[in-house]
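Written below as structure tokens is the structure these notes are about.
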Amino acid sequence: MDVLKGWVDGAPLLVLGVVVLLLLVAGLAVGIWVRRRHDADDRRAPRDDDGQEGYVVSAVLGLLALLLGFTFALAVDRFETRRALVLQEANAIGTAYLRTQLLPQPHRQRISALLIDYTENRVALGESSAAANPQMLATNNRIVTDLWAATAAGFQSVKGLDFSSAYIDSMNTLIDLDTSRKAARTVRVPTEVFIVLVIYLTVTAGVLGYVFSGPRGRAAAVFMLGLLWMSMLLIVDIDRPTRGGIRESQL
């Protein structure tokens with residue numbers, strides 16, 4: 001299970017989409033094969049059609065819609081959290097920068113330069129791929145350490161002024177939001193949820209292949225499975241803040 005979870009987490013979206021699509025095609029093919037076997041048996045020994053197949057399809061699709069909706073809500077909630085943190089951090093950087101301008105030299109120049117470097121690195125970090133993150137994260141942590149050291153040194157020159165407490169609070173808020181953003185980009189929908197969803201999608205494909213007969217029925221089944229497949233890929237894309245195509249804006 002750990003190997004499967006690791007592969008799902010690290011697989012590119014295109015590869016993951018192809019694998020899921022192959023599973024859906026396999027499930028559909030198995031359903032069609034089982035239906036043909038049953039139809040052949042029915043011709044030899046007719047059975048009463050109690051009309052329960054429609055209820056089974058409705059129940060299966062209803063539960064699948066519930067699972068997709070639940071997973072989509074989890075992914076979107078995490079996306080909205082990341083986007084809100086971008087705005088909060090931008091405001092915190094702006095507040096800290098403006099208050100830094102009240103410091104005497106050389107503290108004003110040093111801390112202002114660190115804040116500019118921190119902002120540029122945060123924007124690059126937010127737009128980077130997973131492969132570039134370790135180096136950028138190390139740079140980010142180094143700048144934060146230097147920023148607090150410079151703030152502590154500059155505080156000695158303003159500790160008797162009224163705005164000194166507000167200035168320290170602005171730096172503390174900036175550092176706290178830095179931690180919050182890094183944590184938010186690592187929190188994702190549990191991989192087990194996606195695994196269960198793929199299994200259920202495959203079973204649903206089999207049910208549709210069994211129930212829908214004839215060219216028109218199977219075309220409808222393929223169309224429905226295509227929509228479900230795209231819905232799942234959309235959820236996976238939203239849930240990948242560093243590798244997906246849907247990312248929170250850094251501007």
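With every protein chain left in place, what is the accessible area per residue of the chain in square angstrom, probe 1.4 Å? Kindly include the intermediate steps, with their values, before the conclusion.
Numbers: 13800 Å² over 251 residues.
Computed with neighbouring chains in place, this is 55 Å² per residue.
Want the number for V203 to A138: 0.36 nm per residue separation, take away the alpha-carbon distance, what's left?
Working: separation 65, 0.36 × 65 = 23.40 nm, distance 4.46 nm.
Once the chain is fully extended between V203 and A138, it gains 18.9 nm.
Using a 1.4 angstrom probe with every protein chain in place, what is the largest-first accessible-area order of M230, M224? Kindly include the intermediate steps, with their values, before the conclusion.
Values: M230 110, M224 55 Å².
Largest to smallest exposure gives the sequence M230, M224.
The fraction of accessible area contributed by carbon and sulfur in the stretch 101-225 is 64 percent, rounded to a whole number (1.4 Å probe; ligands and nucleic acids excluded).
Whole-Å semi-axes of the chain's equivalent ellipsoid, largest first, each the root of 5 times a Cα gyration tensor eigenvalue? Before the final figure, lay out each step's value.
Numbers: eigenvalues 660, 48, 29 Å².
Gyration-tensor ellipsoid for the chain: 57, 16, 12 Å.
Using only the alpha carbon atoms of the stretch 71-119, find the Kirkwood hydrodynamic radius as the inverse mean reciprocal pair distance, in angstroms to one decimal.
Details: mean 1/r = 0.0801 Å⁻¹.
Mean inverse Cα-Cα distance, inverted, gives 12.5 Å.
Per-residue ellipticity at 222 nm computed for the chain from its helices equals -28000 deg cm²/dmol, with DSSP H segments shorter than 4 residues left out and the rest contributing -39,500 (n - 2.57).
Please arrange D162, D117, D39 by accessible surface area, largest first, computed with a 1.4 Å probe and ligands excluded.
Working: D162 155, D117 75, D39 50 Å².
In descending accessible area the options line up as D162, D117, D39.
A simple spin-label model places the labels of V25 and S249 3.9 nm from each other, with each point 7 Å out along Cα-to-Cβ. Quick one: angle between helix 107-127 and the longest Cα principal axis of the chain, in degrees between 0 and 90, rounded to 10, please. It works out to around 10 degrees.
The values are calculated or read from the model by the stated rules, or taken from the named source; none is laboratory data. Keep in mind that this is a model prediction, so the values were computed, not measured. Cβ atoms come from the backbone with ideal geometry, glycine included; neighbour counts cover every protein chain shown. What goes into the accessible areas is simple: the full protein's heavy atoms, side chains included, and nothing from ligands, DNA or RNA. Shrake-Rupley method; radii C 1.70, N 1.55, O 1.52, S 1.80 Å.
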